[in-house]
1. Among the residues of the range 252-279, write down those that are open to solvent by less than 30 Å² (accessible area, probe 1.4 Å) and either more than 13 Å from ligand 1 (Cβ to nearest atom) or under 15 Å from the mean Cα position of the chain (by Cα) (or both).
2. Keeping to the range 175-234, report how many residues are touching a helix residue (DSSP H, G or I) at 6+ places or on another chain (Cβ under 6 Å), under 19 Å from residue 113 (Cα atoms) and open to solvent by 40 Å² or more (accessible area, probe 1.4 Å).
3. Regarding the range 219-232, can at least one residue be identified that is polar (S, T, N, Q) and either closer than 30 Å to residue 98 by Cβ or within 13 Å of ligand 3 (Cβ to nearest atom) (or both)?
4. Hey, among the residues in the range 187-215 that are part of a loop (DSSP other than H, G, I, E, B) and not polar (S, T, N, Q), which one's nearest to ligand 2 (Cβ to nearest atom)?
5. I'm trying to understand the selection: among the residues of the range 137-179, which are within 16 Å of ligand 4 (Cβ to nearest atom) and of a type outside the set (D, E, K, R)?
6. Identify all residues within the range 62-75 that are buried (at least 22 other Cβ atoms within 10 Å of the Cβ) and either within 15 Å of ligand 2 (Cβ to nearest atom) or at pLDDT 95 or above (or both); write none if there are none.
7. Pull up the range 235-251, narrow it to residues that are in contact with a helix residue (DSSP H, G or I) (Cβ under 6 Å, 6 or more places away or on another chain) and within 16 Å of ligand 4 (Cβ to nearest atom), then point me to the one that is nearest to residue 58 (Cα to Cα).
8. Can you tell me which residue in the range 132-156 is most open to solvent (accessible area, probe 1.4 Å), limited to those that are over 18 Å from residue 104 (Cα atoms) and over 18 Å from the mean Cα position of the chain (by Cα)?
Amino acid sequence: AKERGRNDYYFFDSAMNANAHQQFLLQQDLGYALERGELALHYQPKYGAQDGQVVGVEALLRWQHPVHGAISPASFLPLAEKTRLIIPIGNWVIDEACRQMRIWLAAGHDQWSLAVNLSTIQLASPGLLGVVEEALHRHRLEAHHLTLEITESTAMENAEESLLILNRLAELGVKISIDDFGTGYSSLLYLKRFPANELKIDKGFVTSLGQTGEDAAIVSAIIALGHTLGMRIVAEGVETAQQRALLVRLGCDTLQGYLLGRPMPADNLLAHCTGHEAL
Ligand code: C2E
Ligand code: CA
Ligand code: CA
Ligand code: CA
């Protein structure tokens, strides 16, 4: 029931064919993962489409299980949400990413924005604003150094409530990014009202770019829509030079993907950026 994933970590198939006992054991282990120090963050750069400069980094959660090895967030995040363990785990992610960002700021990268992903449960939790404020304060970050990525589906699930929370975060000065755009069911009316600075085109559209004219037309329409609403457009999952060229031509602002840089431990990031900027 476990399979080697594309990213060198294991996928435990969720509900469908995983056995309940295995899920139960994994859930139990997840409860200890934080205190046992098994969780870590990797960081994937975001690059300016025009000049290739790093404009920010996205924190991505990793679980190094003592027996099963590295487990994909796609496998354990649903468990973390179901058990609400995502609250303490997510609070740790926010604090740990801000701690790391302080180090990069001290190294002179004050033009970077640090992106942290938020789940539906986190967005709805009453403590979120305080956790964000506290992390910014503790690590002496300015609010604009932090971007919170919320998927389109999360944002739209309870659109009125999302709007309230996102507005309060935006008032703090935190940047908001709408992730996996194109996979949910956006009401354009809400999209207009969300205080979002950034729209991330889901990698599904990027992957099939160049295969048919249709995908280019869809991406082009998303870029036009986002720009009209004053948002920066990020394309994620850029894997080929052809995709990159097309996205630049279509007017995408920011690129992210294996072609340019994979998620990596914080320690490797500065060396990667120096190497990259020298190219
Ligand atoms: P996401 O936010 O859409 O992140 C992009 C995912 O695509 C990441 O998978 C990243 O490693 C992968 N990726 C990046 N470039 C490429 C590429 O060129 N090709 C392909 N095929 N994949 C690429 P990852 O790290 O496994 O994370 C999966 C999802 O788990 C994330 O999707 C995000 O929704 C969620 N996640 C990750 N970390 C956190 C976290 O700290 N908190 C919360 N709430 N969710 C997280
Ligand atoms: Ca994301
Ligand atoms: Ca995404
Ligand atoms: Ca995603």
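1. If the condition is that a residue be open to solvent by less than 30 Å² (accessible area, probe 1.4 Å) and either more than 13 Å from ligand 1 (Cβ to nearest atom) or under 15 Å from the mean Cα position of the chain (by Cα) (or both), then 252, 254, 255, 256, 257, 261, 264, 266, 269, 273 are the ones that fit.
2. Adding up the residues that qualify gives 1.
3. no
4. Selected residue: 202.
5. Within the range 137-179, 147, 148, 150, 151, 153, 154, 155, 156, 177, 178 qualify.
6. Selection gives 63 alone.
7. Among residues in the range 235-251 that are in contact with a helix residue (DSSP H, G or I) (Cβ under 6 Å, 6 or more places away or on another chain) and within 16 Å of ligand 4 (Cβ to nearest atom), the one nearest to residue 58 (Cα to Cα) is 236.
8. Among them, the one singled out is 134.
The values are calculated or read from the model by the stated rules, or taken from the named source; none is laboratory data. The shown structure was predicted, so the numbers you read here are calculated from the model rather than taken from an experiment. All Cβ positions, glycine included, derive from the backbone under ideal geometry; neighbour counts span all protein chains shown. Please note that ligands, DNA and RNA were not included when accessible areas were found on the heavy atoms of the full protein model with its side chains. Shrake-Rupley method; radii C 1.70, N 1.55, O 1.52, S 1.80 Å.
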